[in-house]
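FYI, it's all coordinate maths here, none of it is from the lab. Predicted model only: the values in this text are computed from it and were never measured. Ideal geometry is used to build each Cβ from the backbone, glycine not excepted, and the neighbour counts take in all protein chains shown.
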Amino acid sequence: MTYYATYVNHESLGERTSTLEGLRSLLGGFARNRVLQVCSVINTLLTAGKRQFDRNAHNALVANAFAPATAQKLLSLDPAKGVVFHRQQILFLAKEAVQFCPEQGKDASAPYWGGLGEVFLMANDHLHQALPPSKTVEEKILQNIVFFIPILEAGSHGTFLNKMMRSHLMLTSVVEELRDKANFFDVRKLFAAAMGVPVLTYEALIFGAMSRFLGLDISRYMANPSGFSLPTTWFDKTAVPRKEVSAFLQDVSASGEELKKVVSEQNPRANDMTILRAKPLFRDGDFLFPLDYSFFAEKFESSPFWCVHKELGDKERKNFHAFWGIVFEMYVGWLLGNSVNPHVNEFHASPRYDRKGGTQVCDALVLCGETAMLIECKGSTFTARSKYTNDPDELRKEIEKKLVGTDDEPKGIRQLKNALSVFRKNAPEKVKDVDLRRITKIMPVIVTRDDIGSYLDMNKYLNIRFREVLGKEKKQIKATVTPVFLMSAGNLENIAPYLSDVPLSDVLEQRYRADPELRSTFGMVEIPCLKSLGVRRSVLLTQAMDDFKQSMFRVLGISPPDPMQSGEAEA
């Protein structure tokens with residue numbers, strides 16, 4: 001469920017809008033490690049293992065952080081306008097604390113956090129930067145995307161489980177299908193050599209550490225603050241060699257001083273949390289605190305890819321990125337191929353032109369009656385520079401590079417335009433083993449591994465580019481061509497369980513009717529044909545998770561919990 005609300009700023013206390021200098025001055029009176037611990041506790045309470053905003057935890061934190069009169073004032077606000085603490089703000093303040101808090105200072109655990117609550121309200125004044133007036137429609141759309149990126153990313157904290165299983169499957173069963181092909185990269189072998197930890201062990205350690213922070217609440221914190229940390233001895237009784245545990249902890253954690261050094265060197269923009277994504281655990285002596293639970297979970301996906309990337313030369317990196325794009329394409333093919341009912345959705349993976357040396361038409365093709373969906377899968381990751389510099393032109397360049405391309409090196413949009421050759425009025429290309437003569441409507445689709453595919457206004461912008469690229473050639477197509485539909489892999493994973501009963505064309509059509517400008521995303525519009533069937537989870541990903549848990553227990557050398565005692569039997 002998507003939760004919409006506005007956050008409370010400094011003016012809510014009857015004060016003026018704060019300055020950044022004033023925030024840093026007040027924050028600078030607190031001890032760095034204590035502020036980071038507070039950020040860790042708040043973020044854990046609000047987001048750890050939760051799919052939606054936890055209002056009860058939030059209100060308990062407000063009551064704990066402010067004097068009674070102030071807390072009552074804040075809690076009496078309309079819930080849709082009364083969010084004091086939230087993930088984007090917490091991460092921003094953690095990064096500020098790394099830079100501007102001394103090692104010794106006020107204790108943020110003093111009554112009402114010693115006044116630190118006011119600093120959190122001040123932080124809400126500095127999460128966004130104004131952009132100059134836009135000159136064109138396209139520029140305005142890009143400005144909107146840039147504005148919403150950090151907001152949407154901060155609100156997506158409950159979406160990591162599918163990402164974890166997607167990465168696990170890509171690294172294991174999917175990638176193995178390419179072992180005998182050209183340009184193969186043995187990612188597991190390369191990662192183990194570089195990291196000093198096998199991939200499956202690395203995954204098991206993340207999952208094992210995550211379990212430490214589930215089910216925590218503020219009463220448990222007040223009773224036992226150390227329960228919100230991970231002791232460095234947490235894995236001592238597992239079968240994992242100490243050397244591998246140390247290498248793992250070194251990769252996922254950093255001390256306050258180490259974080260300060262990196263922040264000083266990189267000087268990231270306000271909403272660029274790349275540093276905290278890289279080191280999501282804050283290390284204080286023999287204890288580790290999760291600055292962000294979701295960032296920690298995402299290491300499951302990001303560490304293998306970027307670790308291997310860093311070990312390669314420039315030419316090899318380009319080949320590796322192309323290889324990983326193919327792995328993602330195959331994952332999407334696996335997901336769709338094993339989710340659809342062929343009588344409802346006729347699926348074709350990697351269809352080829354019916355001619356000598358026939359190349360690929362598109363990454364996937366789905367036929368529903370007289371409608372054809374041409375699907376392109378894009379495995380690229382958008383750079384932090386394109387997403388967080390608050391520069392629409394930087395984002396535009398990245399979109400052109402990774403989702404549009406050129407005539408010589410087509411991507412997404414141009415690949416879909418080229419695929420329309422099979423529907424030309426004159427001399428249409430034929431597709432091997434696929435009869436397209438009945439098709440009267442074409443629905444182009446782009447699926448991104450990056451969450452960029454589920455950002456507001458991205459679909460609208462790509463449609464403008466699709467119309468421009470297609471141009472007059474649209475008149476040469478014998479079928480109706482709809483706007484292009486953009487979705488992230490996460491969106492597709494949520495849709496896939498319904499494709500045994502619902503035509504994909506119906507899903508896209510109803511998504512369009514709900515939002516004709518395609519400004520929103522699949523996760524933010526109501527699609528009646530899905531809603532009528534109730535909530536469904538992917539059987540494929542659920543089974544993958546169950547299988548992974550069993551392998552995790554073997555790697556860690558521990559026994560699975562008794563389902564009768566843990567409550568799993570009823571779940």
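Values for this structure:
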| read-out | value |
| --- | --- |
| Cβ charges +1 (Lys, Arg) and -1 (Asp, Glu), total dipole of the chain, debye | 1200 debye |
| Spherically averaged projected area of the stretch 316-536 from its Cα convex hull (nm²) | 12.5 nm² |
| Filtered trypsin sites (Lys or Arg not before Pro), the stretch 332-373: DSSP coil and at most 14 other beta carbons within 10 Å | Arg355, Lys356 |
| Candidate lysines for bridging to Lys73, where Cα separation is under 23 Å - those fewer than 8 sequence places away on the same chain excluded | Lys81 |
| Neighbour-limited loop hits for chymotrypsin sites (Phe, Trp or Tyr not before Pro), the stretch 229-259 (at most 14 other Cβ within 10 Å; DSSP other than H, G, I, E, B) | none |
| FRET E, pair Glu265, Lys318, Förster distance 25 Å, beta-carbon r, rounded to 0.05 | 0.40 |
| Antiparallel bridge percentage (DSSP; both residues within the stretch 316-536; nearest 5) | 50 percent |
| Chain lengthening between Asn64 and Asp78 when straightened (0.36 nm per residue, less Cα-Cα) | 3.1 nm |
| J(HN,Hα) series, the stretch 439-447, from Karplus relation 6.51 cos²θ - 1.76 cosθ + 1.60, nearest Hz, glycine and proline x | 6, 10, 9, 10, 10, x, 9, 10, 10 |
| Extension gain (nm, one decimal) between Arg51 and Lys474, 0.36 nm per residue minus Cα-Cα | 148.1 nm |
| Cut-off under 5 Å, modelled amide H: who pairs with Phe485 long-range | Val445, Ile446 |
| Rounded to 5, percent antiparallel among DSSP beta bridges of the chain | 50 percent |
| Using θ = phi - 60° and Karplus 6.51 cos²θ - 1.76 cosθ + 1.60, couplings along the stretch 331-346 (whole Hz; Gly, Pro as x) | 4, 4, x, 4, 4, 5, x, 9, 9, 7, 9, x, 7, 9, 10, 7 |
| Per-residue HN-Hα couplings for the stretch 296-308 [Karplus 6.51, -1.76, 1.60; θ = phi - 60°; Hz; x = Gly/Pro] | 5, 4, 5, 4, 3, 8, 7, 4, x, 5, 6, 5, 5 |
| Segment Leu13-Thr406, extension gain: residue separation times 0.36 nm, minus the distance between their alpha carbons | 136.2 nm |
| Cβ-based net charge around Pro483, under 10 Å, with every Lys or Arg adding one and every Asp or Glu removing one | +1 |
| Separation of the Leu214 and Asn426 label points, Cα + 7 Å toward Cβ, nm | 6.3 nm |
| Helical contribution to [θ] at 222 nm, DSSP H n ≥ 4, -39,500 (n - 2.57), averaged over the chain, rounded to 500 | -14000 deg cm²/dmol |
| Partner aspartates and glutamates for Lys460 [C-alpha distance under 14 Å; skip if fewer than 8 residues away on the same chain] | Glu138, Glu139, Glu468, Asp515, Glu517 |
| Other-chain or far-sequence residues with amide H under 5 Å of Ser255's (modelled H) | Arg283 |
| Per DSSP, loop trypsin sites (Lys or Arg not before Pro) in the stretch 152-181 with at most 11 further Cβ within 10 Å | Arg179, Lys181 |
| Distance violations [Cα-Cα > 27 Å] among Lys378/Lys474; Lys402/Lys531; Lys279/Lys310; Lys411/Lys432 | Lys402/Lys531 |
| Neighbour count of at most 14 Cβ within 10 Å plus DSSP loop: longest GluC sites (Glu not before Pro)-free window in the chain | 178-369 |
